[in-house]
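**Student:** I'd like to ask some things about the structure below.
The values are calculated or read from the model by the stated rules, or taken from the named source; none is laboratory data. This is a predicted model, so every value here is computed, not measured. Backbone-built Cβ (ideal geometry, glycine too); neighbour counts: all protein chains shown. Surface areas here come from the heavy atoms of the whole protein model, side chains and all, with no ligands, DNA or RNA. Shrake-Rupley method; radii C 1.70, N 1.55, O 1.52, S 1.80 Å.
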Amino acid sequence: MTGGGRRSARSRTKPSTDVNEDDDAFNKAKPISKLRRVKTKDHGTALRILNADLKIILGFGIIAALIIFFLVHHLISTAEEARRPRVVTPFPAPRIMDLPQFQGEHKESLYWGTYRPHVYFGIRARTPLSLVAGLMWLGVKDGRYFIRHICQDSDDLSTYGWTSHNGRDFGHQVLVDQDMTLATSFLKYKEDDSGYGGDWAVRINVQNQGWNDEMQKNVHLFFYLAEEDGNALSLGGDTLDIHENSLLASGLRTGIGEWQLHLKSKADLEVHYSGLRTPHIHNLSDLVQENLASQLIRFNRLQLPDIYQSSSNILVFQISGRIPLETDIVFVSGAGENSRVEERISNLAGVSLTNQLNKKQREFDVKFESCFQLADKLDSNSIHVGKAAIANMLGGIGYFYGQSKISIPKNSNVKSHDDFLLYWPAELYTAVPSRPFFPRGFLWDEGFHQLLIWRWDLHISLDIVGHWLDLINIDGWIPREQILGAEALSKVPAEFVLQHSSNGNPPTLFLVLRDLVNGIKKNKFTASESNDIISFLQQAFVRLEAWFQWFNTTQLGKDVGSYYWHGRDNLTIRELNPKTLSSGLDDYPRASHPTEDERHLDLRCWMLLAADCMNSVAELIWKENKPEKDYSSTSNLLSDFDTLNQMHFDHASGAYFDFGNHTEKVRLSWKENMIGNNYVNRELVREVLEGPELKLVPHVGYVSLFPFMTRIIPSESWILEKQLDLISNRSILWTNYGLRSLAKTSSMYMKRNTEHDAPYWRGPIWMNMNYMILSSLRHYSLENGPYRDKARAIYEELRDNLIRNVVQNYHQTGFLWEQYDQKQGKGKGARVFTGWTSLVLLIMAEAYNEM
């Protein structure tokens, strides 16, 4: 009952008599508090005062109840926090993504995007439960139809990828499927009447290459919308005639308001649909294929059934027509009354859309030249590849939301019904290494990705790095592989899903942070950009400290200044050399017998990078009040040349090595095992022919060059010349296509690690390491010293070799590759590897990282 109700009730039960008597009675009846004594001739005034005093009493009661509620809630939360295992407890500090620079216009400008890298074309919003859109089509091969939707090698597309993309509101992609070429363009536009995030349009253009087969002259496209939150979508009509009514679907979402999806085309199209109800969209290809198969069997028609299931949260529209074909799909938000819907649709279709796409393409070309300045350096073929590199890096950025699965830490008291714990629900905005093979976030890859992205769009880069650092837990650990959500999980083999909290990954995010700090010192940024970087670093610093401290405690070796990667299997009987997955270099040969005595050279150098960067950040943002931790002392220790040489340098070979319990006398041998009475199983098992001993591990390769890459070696030292000799020696690392990952002289060169594991980092050429080596060659070629001319000559030839080979492969195959063969230069491993292989663009631009 309201206060007014109480007042009227009291006036009915206690009628007024004498004013003074009523006043005395009123005051005698006062409970608890010392309320004002009221003398008045107005009985109504007295009642109003009574009501006010009762409100005060009631207010205090509500406040007390709220205080009790929050105290109880806090105690419950505290108890829950105490029970929550540390490994899945967030770091207790303000989130970086809550900074003002990531709110407002910045956040809205990035709301919609092509944030579904695992599909050939997909759109979603940067929100956990989004309205999702995507494209499928029927491909024809050997007289049979196949659904194309999720990026996969088995589809055998000749090429696909973004030729232009600005990371924000424009992209153009070309896909070649047999003799059919599809071009997809994406444009985002914000008008005054638009809802949050604005409107967007998709243009699909289909051409053929002179087919004669009638089956191949028709194209069947499938454009879909799906509500991840399960809300129902409204169909535009029971029968869809786009020339009568272009509306395909509509709905309502919080924030963006009413929305509509329209199809505009001058082509003679046939449109059918299917409305589906399902909590999952990662198996949507199968659902569409089942619908088509059912129709084909029942009615001999290759079309969707025009059936809308009750409360469908997925609508699939089949758009069929003769090739060549072009159609525009327009999404408008804030589509309520008086919102000029028809005018806005017209602005995003037909000639108007063509003009806007052409304008965005010109802007992309101008910005590309402004950022990388290749016009006077390279030919048009190379520039074309450079544009594909940045476009695919930006077009491959994804948004993910979910919970990582974490293995239960050893020696813990954690109890779980499963063999894993769930990380807290988290979002991640990140670039990805490869759309078909690795369409998710990888920690050490991301540092290399950002070397490219910050040069194109600083605020996108800061946004991505901020998302990653917000994933840090209370111990300072970040899971190295982010598998968030059902769609991401569907692409990962089960054995790689669990993340292990004892294992790290190279802290390459310090590469980009170091670049940003150096950029501020050299006035490369505007005043506004510098302020945003500094505020970012101030908010991030406590997280960076925790991350650094996690490495500096959990990965420490036995000797001062030594480190080793955890996670190697010391009980394996099937691996020739136990892998070091946490290093990122997987099967690169380490000590044959993993122990705590190991000293890993690359991790020591990564820690130097981290300490040096932390020191620079601290000097920049805490000019007066420096943090308690003195990072300069750690940096000085790890950069001490004499100490490095004592721990890792081999004078006989002039090379730097790991140290550990090692023997070279290890091999894989076939072993036969009887299974039952009639079956013999043969398998390759590890055979150790002599006992290991503590010593340097004599394998020359990328790890050996880490002191060179981190520029610890003085420019006048004879050891520098030795490194230059190792690099340029054709019998060791040099090839005409780039530097191989492991020397030809190594006993592990191109050896399989198991029966099923082909050599990975044991010979092939990798772009990220070649980029870092080139960067240091350039550095030493500019330093005063006796070897600068030699460094310059090697630098120029290596740069030419890398560019020529990547460009040639791209034009021959249509792809950037994960790695390149050291014998013939051919692309190997995952194709459409537009992650760190895109660093070829920075090599073209001669844009390197600085120490």
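**Student:** Return the total of residues in the range 391-417 being part of a helix (DSSP H, G or I) and in contact with a helix residue (DSSP H, G or I) (Cβ under 6 Å, 6 or more places away or on another chain). Lay out the reasoning, then the answer.
**Tutor:** Residues of the range 391-417 that are part of a helix (DSSP H, G or I), as a first pass: 391-395.
Narrowing the set further to residues that are in contact with a helix residue (DSSP H, G or I) (Cβ under 6 Å, 6 or more places away or on another chain) leaves 393.
Of the residues in the range 391-417, 1 are part of a helix (DSSP H, G or I) and in contact with a helix residue (DSSP H, G or I) (Cβ under 6 Å, 6 or more places away or on another chain).
**Student:** Could you count how many residues in the range 176-199 are within 18 Å of residue 322 (Cα to Cα), touching a residue at least 40 places away in the same chain (Cβ under 8 Å) and among the aliphatic types (A, V, I, L, M)? Walk me through how you get there before you give the answer.
**Tutor:** Looking only at the range 176-199, we keep the residues that are within 18 Å of residue 322 (Cα to Cα), and these are 176-184.
From what's left, touching a residue at least 40 places away in the same chain (Cβ under 8 Å): 176-177, 180, 182, 184.
So of that shortlist, the ones also among the aliphatic types (A, V, I, L, M) come out as 176, 180, 182.
Summing the residues that are within 18 Å of residue 322 (Cα to Cα), touching a residue at least 40 places away in the same chain (Cβ under 8 Å) and among the aliphatic types (A, V, I, L, M) in the range 176-199 gives 3.
**Student:** Moving to a separate point now. Residue 290 versus (1) over 27 Å from residue 125 (Cβ atoms); (2) open to solvent by less than 70 Å² (accessible area, probe 1.4 Å): which is the lone unmet condition?
**Tutor:** (2)
**Student:** Across the range 781-798, what is the number of residues that are in contact (Cβ under 8 Å) with a residue 40 or more places away in the chain and open to solvent by less than 10 Å² (accessible area, probe 1.4 Å)? Talk me through it step by step, then tell me what you get.
**Tutor:** The first filter runs over the range 781-798 and keeps only residues in contact (Cβ under 8 Å) with a residue 40 or more places away in the chain, leaving 783-788, 790-791, 794, 798.
Among the residues that remain, those that are also open to solvent by less than 10 Å² (accessible area, probe 1.4 Å) are: 791, 798.
Residues that pass the stated criteria total 2.
**Student:** Taking only the range 389-433 into account, find how many residues are modelled with pLDDT under 95 and either among the hydroxyl-bearing types (Ser, Thr, Tyr) or within 11 Å of the chain's Cα centre (by Cα) (or both).
**Tutor:** Count: 3.
**Student:** Quick check, is residue 379 surrounded by fewer than 18 Cβ atoms within 10 Å (Cβ to Cβ), more than 22 Å from residue 201 (Cα to Cα) and modelled with pLDDT of 95 or more? Steps first, answer last, please.
**Tutor:** Numbers: surrounded by fewer than 18 Cβ atoms within 10 Å (Cβ to Cβ): yes; more than 22 Å from residue 201 (Cα to Cα): yes; modelled with pLDDT of 95 or more: yes.
Yes.
**Student:** Oh, and also: Going by the structure shown, is residue 663 β-branched (Val, Ile, Thr) and either in contact with a Gly (Cβ under 7 Å, 6 or more places away or on another chain) or without any contact (Cβ under 8 Å) to a residue 60 or more places away in the chain (or both)?
**Tutor:** Working: β-branched (Val, Ile, Thr): yes; either in contact with a Gly (Cβ under 7 Å, 6 or more places away or on another chain) or without any contact (Cβ under 8 Å) to a residue 60 or more places away in the chain (or both): yes.
In short, yes.
**Student:** Let me ask you something else. Which residues, taken from the range 609-632, are crowded, with 24+ Cβ neighbours inside 10 Å and either within 30 Å of residue 698 (Cβ to Cβ) or at pLDDT below 95 (or both)? Break it down stepwise before answering.
**Tutor:** Just the residues of the range 609-632 that are crowded, with 24+ Cβ neighbours inside 10 Å, to begin with: 609-611, 613-614, 617.
Hits for the range 609-632 are 609, 610, 611.
**Student:** Can I ask one more? What pairs come out if I take residues in the range 280-294 that are on the phi < 0 side of the Ramachandran plot and pair them with residues that are of a type in the set (D, E, K, R) whose C-beta lies under 6 Å away, six or more apart or interchain?
**Tutor:** Filtered contacts from the range 280-294: 282/487.
**Student:** Against the definition (within 39 Å of the chain's Cα centre (by Cα), farther than 25 Å from residue 753 by Cβ and exposed (fewer than 15 other Cβ atoms within 10 Å of the Cβ)), how does residue 714 come out, yes or no? Please lay out each step first, then the result.
**Tutor:** Working: within 39 Å of the chain's Cα centre (by Cα): yes; farther than 25 Å from residue 753 by Cβ: yes; exposed (fewer than 15 other Cβ atoms within 10 Å of the Cβ): yes.
It is true that residue 714 is within 39 Å of the chain's Cα centre (by Cα), farther than 25 Å from residue 753 by Cβ and exposed (fewer than 15 other Cβ atoms within 10 Å of the Cβ).
**Student:** On the basis of being assigned to a loop (DSSP other than H, G, I, E, B) and under 30 Å from residue 220 (Cβ atoms), does residue 116 make the cut?
**Tutor:** On the way: assigned to a loop (DSSP other than H, G, I, E, B): yes; under 30 Å from residue 220 (Cβ atoms): yes.
The answer is yes for residue 116.
**Student:** Same structure, new question: Residue check: is residue 313 closer than 28 Å to residue 195 by Cβ, touching an Asp or Glu at 6+ places or on another chain (Cβ under 7 Å) and modelled with pLDDT of 90 or more?
**Tutor:** Taking the combined requirement at face value, the residue satisfies it.
**Student:** Scan 181, 254 and give me the residue that is hydroxyl-bearing (Ser, Thr, Tyr), touching a strand residue (DSSP E or B) at 6+ places or on another chain (Cβ under 9 Å) and open to solvent by 20 Å² or more (accessible area, probe 1.4 Å). Steps first, please.
**Tutor:** Values: 254 fails: touching a strand residue (DSSP E or B) at 6+ places or on another chain (Cβ under 9 Å).
Of the residues listed, the single one that is hydroxyl-bearing (Ser, Thr, Tyr), touching a strand residue (DSSP E or B) at 6+ places or on another chain (Cβ under 9 Å) and open to solvent by 20 Å² or more (accessible area, probe 1.4 Å) is 181.
**Student:** Do you know which of the residues in the range 573-584 that are assigned to a loop (DSSP other than H, G, I, E, B) and either aliphatic (A, V, I, L, M) or out of contact with any Phe, Trp or Tyr (no Cβ under 7 Å at 6 or more places or on another chain) (or both) is most open to solvent (accessible area, probe 1.4 Å)? Walk me through it before giving the result.
**Tutor:** Start the filter on the range 573-584 by keeping residues that are assigned to a loop (DSSP other than H, G, I, E, B), which leaves 573-580, 584.
Among the residues that remain, those that are also either aliphatic (A, V, I, L, M) or out of contact with any Phe, Trp or Tyr (no Cβ under 7 Å at 6 or more places or on another chain) (or both) are: 573-579.
Working: 573: 92, 574: 116, 575: 22, 576: 10, 577: 1, 578: 1, 579: 56 Å².
Residue satisfying both the conditions and the ranking: 574.
**Student:** Here's another thing I want to ask about it. With the checklist (1) more than 13 Å from residue 777 (Cβ to Cβ); (2) over 31 Å from the mean Cα position of the chain (by Cα); (3) open to solvent by less than 60 Å² (accessible area, probe 1.4 Å); (4) aliphatic (A, V, I, L, M) in hand, flag the one item residue 703 doesn't pass.
**Tutor:** The failed condition is (2).
**Student:** Here's a follow-up. Within the range 459-487, work out how many residues are open to solvent by less than 10 Å² (accessible area, probe 1.4 Å), out of contact with any Ser or Thr (no Cβ under 9 Å at 6 or more places or on another chain), of a type outside the set (S, T, N, Q) and not in a loop (DSSP other than H, G, I, E, B).
**Tutor:** Summing the residues that are open to solvent by less than 10 Å² (accessible area, probe 1.4 Å), out of contact with any Ser or Thr (no Cβ under 9 Å at 6 or more places or on another chain), of a type outside the set (S, T, N, Q) and not in a loop (DSSP other than H, G, I, E, B) in the range 459-487 gives 6.
**Student:** Going through the range 640-677 one residue at a time, which ones are modelled with pLDDT of 95 or more and charged (D, E, K, R)?
**Tutor:** Correct list: 640, 642, 650, 658, 664, 665, 667.
**Student:** Something else about it: Looking at 357, 394, 348, which one is within 17 Å of residue 114 (Cβ to Cβ), open to solvent by less than 30 Å² (accessible area, probe 1.4 Å) and in contact with a Ser or Thr (Cβ under 7 Å, 6 or more places away or on another chain)? Can you show your working first?
**Tutor:** Numbers: 394 fails: in contact with a Ser or Thr (Cβ under 7 Å, 6 or more places away or on another chain); 348 fails: in contact with a Ser or Thr (Cβ under 7 Å, 6 or more places away or on another chain).
Exactly one residue qualifies, and that residue is 357.
**Student:** Can you tell me which residue among 364, 420, 372 is open to solvent by less than 80 Å² (accessible area, probe 1.4 Å), under 22 Å from residue 90 (Cα atoms) and of a type in the set (A, V, I, L, M, F, W, C)? Let's see the steps before the verdict.
**Tutor:** Details: 364 fails: under 22 Å from residue 90 (Cα atoms); 372 fails: under 22 Å from residue 90 (Cα atoms).
Of 364, 420, 372, the one residue that is open to solvent by less than 80 Å² (accessible area, probe 1.4 Å), under 22 Å from residue 90 (Cα atoms) and of a type in the set (A, V, I, L, M, F, W, C) is 420.
**Student:** Does at least one position in the range 729-740 carry a residue that is open to solvent by less than 20 Å² (accessible area, probe 1.4 Å) and closer than 30 Å to residue 683 by Cβ?
**Tutor:** yes
**Student:** Checking residue 754 against (1) open to solvent by 40 Å² or more (accessible area, probe 1.4 Å); (2) in contact with a Lys or Arg (Cβ under 7 Å, 6 or more places away or on another chain); (3) in contact (Cβ under 8 Å) with a residue 12 or more places away in the chain, which test does it fail?
**Tutor:** (1)
**Student:** Would you be able to say whether some residue in the range 585-596 is part of a strand (DSSP E or B), open to solvent by 10 Å² or more (accessible area, probe 1.4 Å) and in contact with a helix residue (DSSP H, G or I) (Cβ under 8 Å, 6 or more places away or on another chain)?
**Tutor:** Filtering the range 585-596 down to residues part of a strand (DSSP E or B) leaves 593.
Now drop any that are not open to solvent by 10 Å² or more (accessible area, probe 1.4 Å), which leaves 593.
Checking which are in contact with a helix residue (DSSP H, G or I) (Cβ under 8 Å, 6 or more places away or on another chain) leaves us with none.
Checking the range 585-596: not a single residue is part of a strand (DSSP E or B), open to solvent by 10 Å² or more (accessible area, probe 1.4 Å) and in contact with a helix residue (DSSP H, G or I) (Cβ under 8 Å, 6 or more places away or on another chain).
**Student:** Out of 677, 661, report the one residue that is surrounded by fewer than 15 Cβ atoms within 10 Å (Cβ to Cβ) and over 28 Å from residue 519 (Cβ atoms).
**Tutor:** Working: 661 fails: surrounded by fewer than 15 Cβ atoms within 10 Å (Cβ to Cβ).
Exactly one of 677, 661 is surrounded by fewer than 15 Cβ atoms within 10 Å (Cβ to Cβ) and over 28 Å from residue 519 (Cβ atoms), namely 677.
**Student:** Separate question: Being in the same structural domain as residue 487 (by the TED database) and small (Gly, Ala, Ser) is true for just one of 167, 104, 122, 198. Which residue is that? If you could, list the steps in order and put the result at the bottom.
**Tutor:** On the way: 167 fails: in the same structural domain as residue 487 (by the TED database); 122 fails: in the same structural domain as residue 487 (by the TED database); 198 fails: in the same structural domain as residue 487 (by the TED database).
Exactly one of 167, 104, 122, 198 is in the same structural domain as residue 487 (by the TED database) and small (Gly, Ala, Ser), namely 104.
**Student:** Suppose the filter is open to solvent by less than 10 Å² (accessible area, probe 1.4 Å), touching a Cys at 6+ places or on another chain (Cβ under 9 Å) and under 21 Å from residue 616 (Cβ atoms); does residue 511 pass it? Before you say what the answer is, go through the steps one by one.
**Tutor:** Values: open to solvent by less than 10 Å² (accessible area, probe 1.4 Å): yes; touching a Cys at 6+ places or on another chain (Cβ under 9 Å): yes; under 21 Å from residue 616 (Cβ atoms): yes.
Here the answer is yes, as residue 511 does meet what is asked.
**Student:** Find the residue count for the range 543-572, including only residues that are surrounded by fewer than 16 Cβ atoms within 10 Å (Cβ to Cβ), part of a helix (DSSP H, G or I) and in contact (Cβ under 8 Å) with a residue 12 or more places away in the chain.
**Tutor:** 1
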